[in-house]
């Protein structure tokens, strides 16, 4: 099959960056956006000023509000937030081409049934689509991908051929794609890292220093491994691009929305004020509740993620929270 036309569902920063990368490789990239003003901006000014300011888009990037028109492409990158994906996928299903490969770039766990994106797709898609679903994740700030800076990403699928197709189509001079078969592990790494990034930001906002941040990142990785072990992920996935790679970037990079939320919490701002001032979604705030509930369900100890949950959803003051973590009972490093 020829892959001359690729679709992207979701015109946020990451969706727009993927489309720009695909177009830079010489393929036509068609973006579906909910917001008409975003579509008009992309098609007329070659910009997405709402979500990815300062990037001139390639001529082969176009946009539409008609979701049916993007569903016949051989590859669809799905880049919508986790809390709205169910409704969007439902709109897509009747229009999908028989051989379409869906590439999930969504990071999160929905709050009601505690499902990862792949599990939502499994429930909503006919089996011929769900069995070849590909999860696309790794350390990748949207603005850097959009500008063509070097990036490495993992494409994971239960169907090895689908993973290889996406690897071949998406790889280029500036993006190197690795294949993998652990969809759950790759997705979970992209979820937990957002919550740990908030914790790291809180610590930095409290001026706790680099040592504390390094400890939070390291222990946060251990929490991801514990939860992954409980729900069937491969432990080695967490030492890869979608695990430690994405975690380090999101918890320490100044472009991270989740770290920014943490910084502002640590500096004394109220969460409602922070969220209302941000145009783009910081998935870690919503996901911290899902992680908390999932860890309780599987009896997995995740003190860092629990701290973020308490601060974001229970009104716990950020000041003193890190100190409480350090005052917990002493134990072996790899207990549990």
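What follows is calculated from the coordinates using simple rules that are stated; it is not laboratory data. Predicted model only: the values in this text are computed from it and were never measured. Reconstructed Cβ throughout: ideal geometry from the backbone, glycine too, with neighbour counts over all protein chains shown.
A few comments on the model shown:
- Ordering 31, 175, 202 by the number of other Cβ atoms within 10 Å of each residue's own Cβ, fewest first, gives 175, 202, 31.
- FRET efficiency, 1/(1 + (r/R0)^6) with R0 30 Å, evaluated for residue 44 and residue 181 via beta carbons: 0.10
- Rounded to the nearest 5, the antiparallel percentage of DSSP beta bridges internal to the chain is 15%.
- Footprinting exposure proxy for 83, 298 (fewest neighbouring C-beta atoms within 10 Å first): 298, 83
- Here the label points at residue 278 and residue 122, each 7 Å from Cα along the C-beta direction, are separated by 2.9 nm in the simple model.
- Chain lengthening between residue 159 and residue 270 when straightened (0.36 nm per residue, less Cα-Cα): 35.5 nm
- Rounded to the nearest 500, the 222 nm mean residue ellipticity of the chain from helices alone is -14000 deg cm²/dmol, with -39,500 (n - 2.57) taken per DSSP H run of at least 4 residues.
- Percentage relative contact order, the range 1-145, counting C-alpha pairs under 8 Å, at least six apart: 24 percent
- Measuring how big the range 18-99 is from its alpha-carbon positions, Rg and Dmax come out at 12.8, 37 Å.
- Remark: the residue 330-residue 254 segment gains 24.1 nm on full extension, using 0.36 nm per residue and subtracting the alpha carbon distance.
- Burial ordering of 18, 231, fewest other beta-carbon atoms within 10 Å first: 231, 18
- Most fluctuating residue given options 146, 197, 214, as computed from a GNM of the chain linking Cα atoms under 10 Å: 214
- Relative contact order of the range 185-326, taken over Cα pairs closer than 8 Å and 6 or more residues apart, is 35 percent.
- Normalised by the number of residues in the chain, the average gap of Cα pairs under 8 Å and 6 or more apart makes the relative contact order 14 percent.
- All Cα pairs of the range 178-227, percent lying beyond 18 Å: 37 percent
- Rounded FRET efficiency, nearest 0.05, which uses the C-beta distance separating residue 35 from residue 298 and R0 of 35 Å: 0.40
- Computed from Cα positions, the angle between helix 303-313 and the longest principal axis of the chain comes to roughly 80 degrees.
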